[in-house]
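The values are calculated or read from the model by the stated rules, or taken from the named source; none is laboratory data. Small disclaimer: the values here were computed from a predicted structure and weren't measured. We place every Cβ from the backbone using ideal geometry, glycine too, and count neighbours over all the protein chains shown. The protein model used for the area step is the full one, side chains on, heavy atoms only, and it has no ligands, DNA or RNA in it. Shrake-Rupley method; radii C 1.70, N 1.55, O 1.52, S 1.80 Å.
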Amino acid sequence: MSKTKAKRARREQKRDGQRKAAAHQRKALKSASKPATSKPATSKPASTKSSKPTAAESQAERQRQRLSKVPFGEYDNILLVGEGDFSFAHSIVTHHGCANVTATSFDSLEEVHRKYPQSPALLSDLSSLTPPVPLHHSIDATKLHTYRCLRPSAPYSHIIFNFPHTGGLSKDVNRQVRANQSLLVQFFESVTKSHSQSQSQSQNQPQSQSSTSSQKPAESKPTDSKTEPPKPRKTPPPPLLSPGGHIVLTLFEGEPYTLWNVRDLARHAGLRVLESFKFDWSLYPGYSHVRTLGKIEGDGGWKGEEREARCFVFERPEEEGDGKGGKGGGKGKKRGREESSSDEGSDSEGE
């Protein structure tokens, strides 16, 4: 073999080796990239199967969300009326994060401590928050408009009255019904009327006529030019419930509470009936129903948490001058039904 042929053979052999090495490297790169691309393909079916709920589970979740309802938000301005041991106030502040809550009780602080042994710890927690929750005692729900301590935070977007009751003043059912109806009517009026309105109503009595007649001689007296002009009257404070604000009332299901006819009472007070739905105790951890008369010795009697209850939501209609287009009562919005219900098997919700 000549020298030129030998050199050509060596060059071709060298090129074959380089081509084989390059092909081997390409195969190695392909084999290294295959596991990375194949992993997502194999994991996708497994992840979709595990995260996808069944039809029964999704239907149960939708039903739970439909039935479970909290009629206020964490930034609403809330006034709680008729608190017992303040466990409801403690629940909505600590678990729902409500930042603007004012809580009141009909009993004095001493009576709250005496009736409900668990109340000191709850009140201490509410007072230790930053800022502390305003707590007021000896507040009558029928005279809320007369308390100056409630004015700094007014008007309120939500006023909540859970399980109102006069305390069983009589064993006669009809008398109890009338007493509790009177309680609710005065409560509705106290949060929807200003202080001046209540004073003017109380002055429209026969005794006011005698006072005006005694002032007639004073009108004939000559006036002194140096006398100071009469001072302008102070603007009366607005109602505690803001225009478009909601009253949330919670009652037990069944008689005698259904005999109270709370929807009709609210309508006669000028409120709009928005909706009613079942009260879900599980939405308020730590909240327990307490009796008006206090704790029963030996923990006897029924427990409120074991009974069905219902929430009623009423709205104070917009009036002229309230700042929303000057349309009173929310006119212009079509309403097929005055009130809606959030659960099945409820009563007829229209007028």
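Structure values in brief
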{"quantity": "Test: residue in segment 191-210 that is at pLDDT 85 or above, under 17 Å from Y147 (Cβ atoms), in a helix (DSSP H, G or I) and not hydroxyl-bearing (S, T, Y)", "calculated": "yes"}
{"quantity": "Hits in segment 95-110 - residues which are exposed (fewer than 15 other Cβ atoms within 10 Å of the Cβ) and among the acidic types (D, E)", "calculated": "E110"}
{"quantity": "Residue, most open to solvent (accessible area, probe 1.4 Å), within segment 269-290, restricted to residues that are hydrophobic (A, V, I, L, M, F, W, C) and part of a strand (DSSP E or B)", "calculated": "L274"}
{"quantity": "Per-region count, segment 246-268, residues open to solvent by less than 50 Å² (accessible area, probe 1.4 Å), among the aliphatic types (A, V, I, L, M) and assigned to a helix (DSSP H, G or I)", "calculated": "3"}
{"quantity": "Count of residues meeting criterion [in a helix (DSSP H, G or I), within 20 Å of the chain's Cα centre (by Cα) and surrounded by fewer than 16 Cβ atoms within 10 Å (Cβ to Cβ)] in segment 116-159", "calculated": "0"}
{"quantity": "Residue in segment 56-67 that is among the acidic types (D, E), modelled with pLDDT of 95 or more and within 27 Å of the chain's Cα centre (by Cα) present", "calculated": "no"}
{"quantity": "Complete set of residues in segment 136-153 that are under 14 Å from N100 (Cβ atoms) and not polar (S, T, N, Q)", "calculated": "L150, P152"}
{"quantity": "Cβ pairs under 8 Å, 6+ apart, first in segment 87-104 and under 16 Å from G286 (Cα atoms) and in contact (Cβ under 8 Å) with a residue 60 or more places away in the chain, second of a type in the set (G, A, S) and surrounded by fewer than 18 Cβ atoms within 10 Å (Cβ to Cβ)", "calculated": "S87/G286; S87/S288; H90/G286; S91/G286; T94/G286; H95/G286"}
